[in-house]
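The values are calculated or read from the model by the stated rules, or taken from the named source; none is laboratory data. Because the structure is a prediction, the values reported are computed rather than measured. Cβ placement follows ideal geometry from the backbone for every residue including glycine, while neighbour counts extend to all protein chains displayed. The area values use the complete protein model at the heavy-atom level, side chains included, leaving out ligands, DNA and RNA. Shrake-Rupley method; radii C 1.70, N 1.55, O 1.52, S 1.80 Å.
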2 protein chains.
Amino acid sequence: MTTSETAVDVVDFTPGRWGNPNDPMHLSDSVIGALTMLGINEAAPAPVDLVIPASRLDDAALADLAATGAQVSTDDTLRAARLRGFSTPDLLKFRAGDASDAPDAVVAPTTAHQVAAVLAVCDAAGIGLSPYAGGTTVTGGLVPDRTRPIISLDLRQLTGLIALDEVSQIATFAAGTRLPDAERLLGERGFELGHFPQSYEGATVGGCAVTRSAGQSSIGYGRFDEMVVGLTLATPGGVAEIGTAPKSAAGPDLRQLILGSEGAFGVVTQVRVHVHPVPAVRRFYGWHFPDFVAGAAAMRALAQASVKPTVLRLSDEAETGLNLANPSAAGSASGPVGGCLMVVGFEGDQADVECRDAYVTARLTELGGTPLGTEPGEHWREGRFRGPYLRDPLLDAGALVETLETVTFWSNIDKLKADVTAAVTGALGEQGTPAVVMCHISHVYPTGASLYFTVISNALADPLEQWGKAKAAANAAIRAAGASITHHHAVGTDHRGTYLEEIGDVQVTALRAVKNALDPNGILNPGILLP
Amino acid sequence: MTTSETAVDVVDFTPGRWGNPNDPMHLSDSVIGALTMLGINEAAPAPVDLVIPASRLDDAALADLAATGAQVSTDDTLRAARLRGFSTPDLLKFRAGDASDAPDAVVAPTTAHQVAAVLAVCDAAGIGLSPYAGGTTVTGGLVPDRTRPIISLDLRQLTGLIALDEVSQIATFAAGTRLPDAERLLGERGFELGHFPQSYEGATVGGCAVTRSAGQSSIGYGRFDEMVVGLTLATPGGVAEIGTAPKSAAGPDLRQLILGSEGAFGVVTQVRVHVHPVPAVRRFYGWHFPDFVAGAAAMRALAQASVKPTVLRLSDEAETGLNLANPSAAGSASGPVGGCLMVVGFEGDQADVECRDAYVTARLTELGGTPLGTEPGEHWREGRFRGPYLRDPLLDAGALVETLETVTFWSNIDKLKADVTAAVTGALGEQGTPAVVMCHISHVYPTGASLYFTVISNALADPLEQWGKAKAAANAAIRAAGASITHHHAVGTDHRGTYLEEIGDVQVTALRAVKNALDPNGILNPGILLP
């Protein structure tokens, strides 16, 4: 097989709608039937035109920004296209015509030198800046505090494979490189990144770094924060090259201070990341487990073994029932009725895949799994970026649909799943809108795993307020269970309050100190991560 | 096999000499012959008595410290036993009677509550404190700046397995727990830590955390910083619980800010660490490679594969020739003449070991290796903590012997090895003392590996000055090659200057900000990590 199997075209998402506008998803009759059972039978109001506020930047400031060589625009359409991200609340605001968060200008440098120059202008003039690349945030990462004027620092022209060390398997990318471009450029050299978050078609290398992205092959190739060996960071005080070696005992690992910093400590302009040769063999299987508890126990056994697959994903009974792992057939049952679907994938050379496949197959059989062959695995692989495409037609149809995720240790997984499900269904039920809450595990570690929830309910007249109550209840349940508020969606502004409770005063003090030292004038993504 | 195979008695090292005083190593005739070839034929001068400076703490300060409930002593012998660590310069100063770095008191809390109380007393009185646990530092980590009075905060009574989550495979240890004790306590429950640094017999869980220790099974079980899922940190401003989940996208990973902080940001009192069931099967093999380049290429291939052994170690031609991988037989040739010895170990359940063993055996054969059976592997495993025991008799015999280590990406490994070897042999040769420089790789990653050097030469009248020149030359070579100044020995005071050059101004600014925020009065290990 070739890299073309994993290379999806770069998609410029339509502002306000997820995915490729030329290839939208439509709801099947079975999905529409399921909606009816939830009382969803009235289409959403038609979107209204955006009201875009005037730019607050004066001509002198714009001239200073333009003097850096970066492209500068205050065009309304362009500013609206850099507005917020792709959470359901973001989309609902878009549909309501609310563009109050639009940046005051879009500034697009074409070199790292221009990034530094823009930082200097902003630092001197007290202009805030919000780095923009893929724009796929679902946690308010593109909605900085607007007390001061804000520019959207558009990094999409910082793109390309700058260097490839084939011996060390390290690729250096400009931060604005979209993931499909990264795969195409690497593929020409016989390598791949193998990082497939749900936002793959839009996400960038730099964005994956600063938000600690996790891809669908995380058990095989690691999370993005595990793949990064180095970063170039532009700060108002100068440029830092972070990361000297694969691992080191030379003090704290400061890569891990910048990974997850979401633009609050500096602007990442280059990322050095571990890559691997294009696998000769790819195999994806489906397995059936009688219930989620049995499936999760099998996931744990594999996560704690030395021999691991490349992809591992378990849908709970509800998600399996709605067939969400195969978006093109969502809503129609396939495979065994009831129970849970597990997807298990292997990539590598022939001998390596044979060895791992044999071991994993034996373990899963011991643990109560029933093999379903390659068809469910291949269906999942083919459709794996299209699940979220269903959201816009669902919203159109009058549904409220959103996802949320968390992570905890294995001994806490069953309780966390129950608590979050109860919190969300409770908060929506109290508003008279029963909900379906589905869940999957797609990232596992020896000590724990993430839980990813998809919620569908009937949208009320004010769906923002409606979802806000459900999300607050979920956040409270996650905190009460001692889990982390996010496994791979990051903090942004939406999770900030719960995040600060999670880490506590001493850690907030340390982060605040780093922020003040690297960004004394507070221009870097103000309000993101820290208030 | 049982845990008794890996459980070595806790050894209270004699101050000034490494290892178990009841089980010293003696030099074989073949080692003595090798020394003669280097011109080493005059025994070192006999050690002189230590001159221990008086404590600078007054009765009021000592009373305040004692009021915390911690044990407090200014006894000279006890203070001398908390003096420096176990680098060769440390041992040479000890032999010269130099106890000028002795702490002013030894303060031994028995609870985390007492640790916090001692921090409060020190913070109020401006007394510096240097956490002490295993005492096995080889980089000056126990020699804080003595501008102010210093206490040695002896954490060895904070010991024990506090909790074991068998489902999540997480053990919570008090920071002062020695590694052999940790293995014994876990072994009673069917688990093990599997962390075997060269200092295993003396090192503690907390020390391994704050110095980013790497054990001999790092390819199998990870470095210590990869095993840690949580830490409890006492700071003057309060206690922090760091680490909510296995991995998270909730901001920077602040565990990685404390790991490697060497007591400069707080005192680690508890560590939550990934453990695994005691393996049912352990197999260790020897392999022969024609030269270091071929052996290193094979190491790289395994490090970059999905299927990995549990232990992987390659001695270069010089180390293989002196048989250092089998300390009991050091100096006497064994196995094939010439070339390099690789040790490959597997631990796990039967099916898992069979699977990995078959894959690795086939790969190593393809890559030019010759299997030597289990005898060289078992010899290495049996003797693996005893190599450093040779240092004291070598120093006694008039040799200068020391180790140093570094880490870089694979494409830079051969050059780094050549450059460091040339720098050290050059600096010693210029002083009229030719040197043997041996090297091994014992920690590998997909993107690179560590290099560990052992240097033997004839000691001059001032061996401290003599080694100082060699170490400075090695540091400069490491920096010039773009490698990291330390892979697992940490920074301490010995590497501080080179470390600050390695990370650069922006990163120093960030670290300094964290230090000032968490330790505003500068009492925590002053001068360690940061000046």
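How many residues, within segment B:170-184, are open to solvent by 10 Å² or more (accessible area, probe 1.4 Å), farther than 30 Å from residue B:467 by Cβ and of a type outside the set (A, V, I, L, M)?
3
Look through B:32, B:40 and report the one residue that is of a type in the set (A, V, I, L, M) and open to solvent by 60 Å² or more (accessible area, probe 1.4 Å).
Numbers: B:40 fails: open to solvent by 60 Å² or more (accessible area, probe 1.4 Å).
Going through B:32, B:40 in turn, just one is of a type in the set (A, V, I, L, M) and open to solvent by 60 Å² or more (accessible area, probe 1.4 Å): B:32.
Being charged (D, E, K, R) and modelled with pLDDT of 95 or more is the filter here, so list the residues in segment A:186-216 that pass it. Break it down stepwise before answering.
Step one: list which residues in segment A:186-216 are charged (D, E, K, R), which gives A:188-189, A:192, A:201, A:212.
Matches in segment A:186-216: A:188, A:189, A:192, A:212.
Hey, any hits in segment A:294-311 for a residue that's open to solvent by less than 10 Å² (accessible area, probe 1.4 Å) and out of contact with any strand residue (DSSP E or B) (no Cβ under 9 Å at 6 or more places or on another chain)?
No, segment A:294-311 contains no residue that is open to solvent by less than 10 Å² (accessible area, probe 1.4 Å) and out of contact with any strand residue (DSSP E or B) (no Cβ under 9 Å at 6 or more places or on another chain).
Tell me which residues, restricted to segment B:431-454, are within 14 Å of chain A (Cβ to nearest Cβ), of a type outside the set (Val, Ile, Thr) and in a strand (DSSP E or B).
Correct list: B:448, B:449, B:450, B:451, B:452.
Restricting attention to segment A:481-531, report how many residues are under 18 Å from the mean Cα position of the chain (by Cα) and buried (at least 23 other Cβ atoms within 10 Å of the Cβ). Give the steps one after another, and end with the answer.
Filtering segment A:481-531 down to residues under 18 Å from the mean Cα position of the chain (by Cα) leaves A:484-496, A:499, A:528-529.
Checking the rest, the ones that are also buried (at least 23 other Cβ atoms within 10 Å of the Cβ) come to A:484-492, A:494-495, A:499, A:528-529.
Matching residues across segment A:481-531 total 14.
Any residue in segment A:241-255 that is part of a loop (DSSP other than H, G, I, E, B) and within 21 Å of residue A:134 (Cα to Cα)?
For segment A:241-255, residues part of a loop (DSSP other than H, G, I, E, B) and within 21 Å of residue A:134 (Cα to Cα): absent.
Exactly one of these conditions fails for residue B:408: (1) assigned to a helix (DSSP H, G or I); (2) among the hydroxyl-bearing types (Ser, Thr, Tyr); (3) outside the structural domain of residue B:320 (by TED's automatic domain parsing); (4) crowded, with 20+ Cβ neighbours inside 10 Å. Give me its number.
Among (1) assigned to a helix (DSSP H, G or I); (2) among the hydroxyl-bearing types (Ser, Thr, Tyr); (3) outside the structural domain of residue B:320 (by TED's automatic domain parsing); (4) crowded, with 20+ Cβ neighbours inside 10 Å, the lone unmet condition for residue B:408 is (1).
Working only within segment B:232-279, note down all residues that are at the interface with chain A (Cβ under 9 Å from one of its Cβ atoms) and either at positive phi or modelled with pLDDT under 95 (or both).
Result: B:238, B:251, B:260, B:262, B:266.
Answer yes if at least one residue in segment B:129-148 is hydrophobic (A, V, I, L, M, F, W, C), more than 21 Å from residue B:260 (Cβ to Cβ) and either open to solvent by 10 Å² or more (accessible area, probe 1.4 Å) or not assigned by TED's automatic domain parsing to the domain that holds residue B:202 (or both), and no otherwise.
No, segment B:129-148 contains no residue that is hydrophobic (A, V, I, L, M, F, W, C), more than 21 Å from residue B:260 (Cβ to Cβ) and either open to solvent by 10 Å² or more (accessible area, probe 1.4 Å) or not assigned by TED's automatic domain parsing to the domain that holds residue B:202 (or both).
Would you mind finding the one in A:46, A:60 that is of a type in the set (Gly, Ala, Ser), surrounded by fewer than 16 Cβ atoms within 10 Å (Cβ to Cβ), without any contact (Cβ under 8 Å) to a residue 60 or more places away in the chain and closer than 27 Å to residue A:467 by Cβ?
A:46
Is there a residue in segment A:210-219 that is within 12 Å of chain B (Cβ to nearest Cβ), in contact with a Lys or Arg (Cβ under 8 Å, 6 or more places away or on another chain), in a helix (DSSP H, G or I) and more than 26 Å from residue A:111 (Cβ to Cβ)?
Scanning segment A:210-219 turns up at least one residue that is within 12 Å of chain B (Cβ to nearest Cβ), in contact with a Lys or Arg (Cβ under 8 Å, 6 or more places away or on another chain), in a helix (DSSP H, G or I) and more than 26 Å from residue A:111 (Cβ to Cβ).
Run down A:346, A:385 and say which single residue is crowded, with 18+ Cβ neighbours inside 10 Å and at pLDDT 95 or above.
Result: A:346 is the single residue among A:346, A:385 that is crowded, with 18+ Cβ neighbours inside 10 Å and at pLDDT 95 or above.
May I ask you to verify whether residue A:89 is within 30 Å of residue A:469 (Cβ to Cβ), assigned to a loop (DSSP other than H, G, I, E, B) and not assigned by TED's automatic domain parsing to the domain that holds residue A:232? Don't jump to the end; show me each part of the working.
Numbers: within 30 Å of residue A:469 (Cβ to Cβ): yes; assigned to a loop (DSSP other than H, G, I, E, B): no; not assigned by TED's automatic domain parsing to the domain that holds residue A:232: yes.
It is false that residue A:89 is within 30 Å of residue A:469 (Cβ to Cβ), assigned to a loop (DSSP other than H, G, I, E, B) and not assigned by TED's automatic domain parsing to the domain that holds residue A:232.
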